[in-house]
Amino acid sequence: MTQASQPIIVQPIIVQDTFTGTKRELLFREPGKCGVYCCGPTVYGLCHIGNARAALVPDVVVRFLRQQGLQVKYVRNITDIDDKIIARGQADGVPAMEVAARFADEYHRDMAALGLLEPDVEPRVSGHLNEIIALIERLVARGLAYAAEGDVYYRVSAFADYGKLGKRRPEDLLEGAGSRVEVDARKESPLDFALWKAAKPGEPAWPSPWGEGRPGWHIECSAMCGTHLGESFDIHCGGRDLIFPHHENEIAQSQGAFGPGTFAQYWLHNGFIDFAGEKMSKSLGNFFTTREVLSLYDAETVRYFLLTVHYRSGLNFDVCVECPACGVELDRDAQEAGACAACGEAPGREALRQRVRFPGLEEADDRLAYVYAALAGARRLLAAAGAAAPAAPAGPGPLLSAFCEHMRNDFNTGGALGTLSRPLAEVNSLVGLVKGVDKAARLATLAAFVADMGQVAAILGCFGADPEAWLRDRRDRRAARAGLDVPHVEALLIARREARAAKDWGRADAIRDELAELGLSVQDGADGSAWDFA
Ligand SMILES: [Zn+2]
Ligand SMILES: [Zn+2]
C-alpha cells in the first residue's frame, strides 16, 4: 500500500457543529472517507421549497468533499410510514403506502429537476422494520425503553445527556410539559417519546414483539443511520427545525443503544426559508411548493439563488404579485385583502399564485446569464484559436483556490460565489477586447478560467450546462413570459438578412428598429444573426 493511493486533504475543512456550538475542524473517522446522513422527506404531499433547501445543503457538502478527494457515502432516507401519510390516505381514500409511493416519486422528480445527486443509499422505513425493532429491543434491554399497552416509549430520564443538542434542560422541559393539560397515562414521564405505536383499526401495521403497530418517527432515522453508516459516522445534516426534538431523540436512541460518543460526530443544520420577510399574505397562502417555483423559474436559477446565502442563515424570498385582471402590482394591503384597488377584481388564490414573481430569483437569473455569457465568450475564443489554444492547466488556478477557501470555511457558498466577481469581470473584458492584448496570454487566462469553472460547476451543480444552449433557453423562457410572437421575430430576422443580401440598407435598418421596439437586439455572427433581449 503506497501513500499516494490515499486521498490527501491538503487544507483543513472547518464546520460549525450544532452539538458543541463551535467551529470545528472536520476530522474523519476513517482517513479519506466520510459518511453523511440527511433526514429526507415524509412523503405525504409535494415538497415545499424549504425541503428543497434541506436536501440541497448536503448535496453541495457531498459534492465539495468529493471534489476535495474524499470518498463519501451519502445516505438520505424517505419516511414512508407516518401519521401524516396515513391521514392523507384516509382523506383521499387511498392506501397509505400508495400515497407514500406516489409522493416519493414526486419528490425524486423535484430533486432531479434541481440537479441534486442521487444519494448512494436511499433507505425507506418500510424496508427497515426488522432493524427498527431490533434497535427498540436493544433499548428495552438496556433499560432505556419500556412497553406499555402495545406502545413502546423511550425513557428520557435514563439518558443523562438528553437536551444537549437542543440546549434544553430536562427539568425545564418537564416544567413546560406539566402545564399542558393532557398527560398520557401510559408514559412514565411526559418527556418520554414513542418508539413504537400500537396500530389503531384501519391503519397500516407491522408485527412486533409488542403487537401489531408501526415505528415512531425518530427511531426510523437512528435505525437507518446504523444500518447504512454504522454505529458512528461523520456528518448529520438537516433543517434547523429538526434539532429538537427529532435529532435530540436520534442521539438519545443511538447513543443509548451503542454508548457515549457514538453516532454523528458533526451536526450541520440549515436555516429556514421565509417568503415576503415574515408571513405571506392571507390571500396567497403560506408557502410555495418546489414544483410551483420551478414552474415559474429555471431550476438552475432556483438552485443558484438558494446557494447565494450561507446554509445556516435564513433565506428570504421577496414576493411580488400582479393583478391577473389588470396587471397592476398589488401592494401589501391589496394582497392582504385579496382584491385589486385599481380594477376592483378579487382574484382567487390560485389565480394570484400564478402571477407571483420572486425578484430575488430574477436577479439570480440575470447573474447566471452573466456567468454563462462569460463562459460562452471564453469557449468561443478558445474554439476559434483551434490548435493555438493552450491545454487546460493541470492544477487549480487562482479562481478555484479562492473559491475553495470559502467552501472550506463551513461550506460558505455565498462567500465562494463572491470570489467569482473579479475573474468574471476580467474574462468579460478579455472577451470584448479586439486589439492591444497579448493573444497567448489571453488564451491562457481563458483556458484557466474555463477549467476552474468546470470544477466550480461540479461543486455547486451550477454553471455546468452548455452556455450557448442555456442562454438560448433563457431567451425563449423570457419570450414566452413576455408573450412575444417568436415566429414573427424569426420572420423579421429572415427579412433583414434578405435585405442585407440585396444591399437594401434602409430596409435592413428599419427592421432592426422594429426589433428594437420589441425590446430586442440582433447580433450578427459568423454563422448568421441571432436575436436576444436588449
Ligand atoms: Zn431524521
Ligand atoms: Zn386589477
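The values are calculated or read from the model by the stated rules, or taken from the named source; none is laboratory data. Please read these numbers as outputs of a predicted model, since none were measured by experiment. Here Cβ is always computed from backbone atoms with ideal geometry, including for glycine, and neighbour counts include all displayed protein chains. Accessible surface is based on the protein model in full, side chains and every heavy atom, while ligands, DNA and RNA are left aside. Shrake-Rupley method; radii C 1.70, N 1.55, O 1.52, S 1.80 Å.
Using a 7 Å offset from the Cα along the Cα-to-Cβ direction at both GLU426 and GLU30, what is the distance between the two label points in nm, to one decimal?
4.1 nm
Sketch the reach of a paramagnetic label on SER157 as a point 7 Å from Cα along Cα-to-Cβ, and name the residues of the stretch 238-267 whose backbone nitrogen lies under 19 Å away.
Under cut-off, by backbone N: 252-253, 256.
Efficiency by 1/(1 + (r/R0)^6): what FRET value for HIS488 and ALA391, r their Cβ-Cβ distance, R0 = 45 Å, to the nearest 0.05?
0.50
Please work out how much length the chain gains when fully extended from GLU498 to ASP120, using 0.36 nm per residue of separation minus the C-alpha to C-alpha distance, in nm with one decimal.
Using 0.36 nm per residue and subtracting the Cα-Cα distance, I get 130.5 nm.
Which whole-number percentage describes the relative contact order of the chain, with Cα contacts under 8 Å and a sequence gap of 6 or more? Intermediate results must be reported in sequence, preceding the final value.
Values: 788 pairs, mean separation 70.0, N = 534.
Here the relative contact order equals 13 percent.
Under the Karplus relation 6.51 cos²θ - 1.76 cosθ + 1.60, θ = phi - 60°, what is the ordered set of whole-Hz ³J(HN,Hα) values for the stretch 145-158, x standing for Gly and Pro?
Ordered by residue, 3J(HN,Hα) equals 8, 9, 8, 8, 6, x, 8, 10, 10, 7, 8, 4, 5, 8 Hz.
What are the residues whose amide H is under 5 Å from the amide H of ASN270, where those residues sit 5 or more places off or on another chain and H is modelled from the backbone?
So ASN270 has HN proximity to GLY238, GLY239, ARG240.
Could you grab the relative contact order for the stretch 32-274? Cα pairs under 8 Å, six or more apart, rounded to a whole percent. Please list the in-between numbers first.
Numbers: 394 pairs, mean separation 55.0, N = 243.
Reported as a whole number, the value is 23 percent.
Under a plain spin-label model, where a point goes 7 Å from the Cα along Cα-to-Cβ, how far apart in nm are PHE287 and PHE533?
It works out to 3.0 nm between the two label points.
Please find the FRET efficiency linking SER295 to ALA177, where r is the Cβ-Cβ separation and R0 is fixed at 45 Å, and quote it to the nearest 0.05.
Approximately 0.55, to the nearest 0.05.
Which length gain, in nm to one decimal place, applies between ASP274 and GLU149 when the Cα-Cα distance is subtracted from 0.36 nm times their residue separation?
Roughly 40.8 nm would be gained on extension.
Probe 1.4 Å, all protein chains in place: accessible area of MET111 in Å², nearest 10?
Only protein atoms counted, so the area is about 10 Å².
What's the center-to-center distance, using Cα atoms, between the stretch 57-87 and the stretch 274-315 in Å?
Using only Cα atoms, the two centres lie 21 Å from each other.
Which of the three applies to the stretch 128-257, rounded, prolate or oblate, going by the alpha-carbon gyration tensor with a ≥ b ≥ c and a/c under 1.5 meaning rounded?
Verdict is oblate for the stretch 128-257.
Identify unpaired cysteines across the chain, taking unpaired to mean no other cysteine Cβ lies under 4.7 Å from the residue's Cβ.
Those would be CYS34, CYS39, CYS47, CYS221, CYS225, CYS320, CYS404, CYS462, since no other cysteine Cβ in the chain comes under 4.7 Å of theirs.
Filter the cross-link list LYS84/LYS187; LYS23/LYS73; LYS167/LYS282; LYS73/LYS282; LYS23/LYS187 down to pairs whose alpha-carbon distance in this structure exceeds 32 Å. The partial results should precede the final answer.
Details: LYS84/LYS187 23 Å; LYS23/LYS73 23 Å; LYS167/LYS282 34 Å; LYS73/LYS282 43 Å; LYS23/LYS187 38 Å.
Over 32 Å apart, Cα to Cα: LYS167/LYS282; LYS73/LYS282; LYS23/LYS187.
May I ask for the net charge around HIS128, where only other residues with Cβ less than 13 Å from the Cβ of HIS128 are counted and Lys, Arg are +1 while Asp, Glu are -1?
So the surrounding residues net to -2.
Treat each spin label as a single point 7 Å out from the Cα along the C-beta direction, and report the ALA325 to ARG507 distance in nm.
Result: 4.7 nm between the two label points.
Work out which helices of the chain, taken as complete DSSP H runs, extend at least 27 Å along their axis over the Cα atoms and score a mean Kyte-Doolittle of 0.0 or more, then list them. Working shown, then result.
Numbers: long enough: 359-385 (39 Å, 0.26); 439-460 (31 Å, 1.22).
Counting only whole DSSP H runs, the qualifying helices are 359-385, 439-460.
If amide H atoms are built 1.01 Å from N in the plane of the peptide, which residues on other chains or at least 5 residues away come under 5 Å of the amide H of TRP196?
Residues meeting the amide H criterion: VAL152, GLY216.
For the stretch 104-119 and the stretch 352-410, what is the separation of their C-alpha centers, rounded to whole Å?
That distance is 23 Å.
List every residue whose amide H lies under 5 Å from the amide H of GLN71, counting only residues 5 or more places away in sequence or on a different chain, with H placed 1.01 Å from N in the peptide plane.
LYS33, CYS34
Show that you can apply the helix-only estimate: for the chain, add -39,500 (n - 2.57) for every DSSP H stretch of four or more residues, divide by all residues, and state [θ] at 222 nm to the nearest 500.
After summing the helix terms and dividing by the residues of the chain, the value is -14500 deg cm²/dmol.
In the stretch 232-270, whose amide N lies under 14 Å from the spot 7 Å out along Cα-to-Cβ of ARG168? List them in ranges.
241-252
Summing Lys, Arg as +1 and Asp, Glu as -1, what charge do residues with Cβ under 12 Å from the Cβ of GLU25 carry, GLU25 excluded?
+1
Please go through the stretch 117-216 and write out the trypsin sites (Lys or Arg not before Pro) that DSSP classes as loop and that have at most 11 other C-beta atoms within 10 Å. Don't skip to the end; give the middle numbers.
On the way: sites: ARG124, ARG138, ARG142, ARG155, LYS164, LYS167, ARG168, ARG180, ARG186, LYS187, LYS197; in loops: ARG142, ARG155, LYS164, LYS167, ARG168, ARG180, ARG186, LYS187.
Those that pass, being in a loop and sparsely packed, are ARG180.
Restricting the count to DSSP beta bridges whose residues both fall in the chain, what percent are antiparallel, rounded to a multiple of 5? Working shown, then result.
Numbers: 25 of 48 bridges.
Rounded to the nearest five, the antiparallel share is 50 percent.
Could you tell me whether the stretch 32-274 comes out rounded, prolate or oblate from its Cα gyration tensor? Rule is a ≥ b ≥ c as square roots of the eigenvalues, rounded for a/c under 1.5, then prolate if a/b exceeds b/c, otherwise oblate.
The shape class here is oblate.
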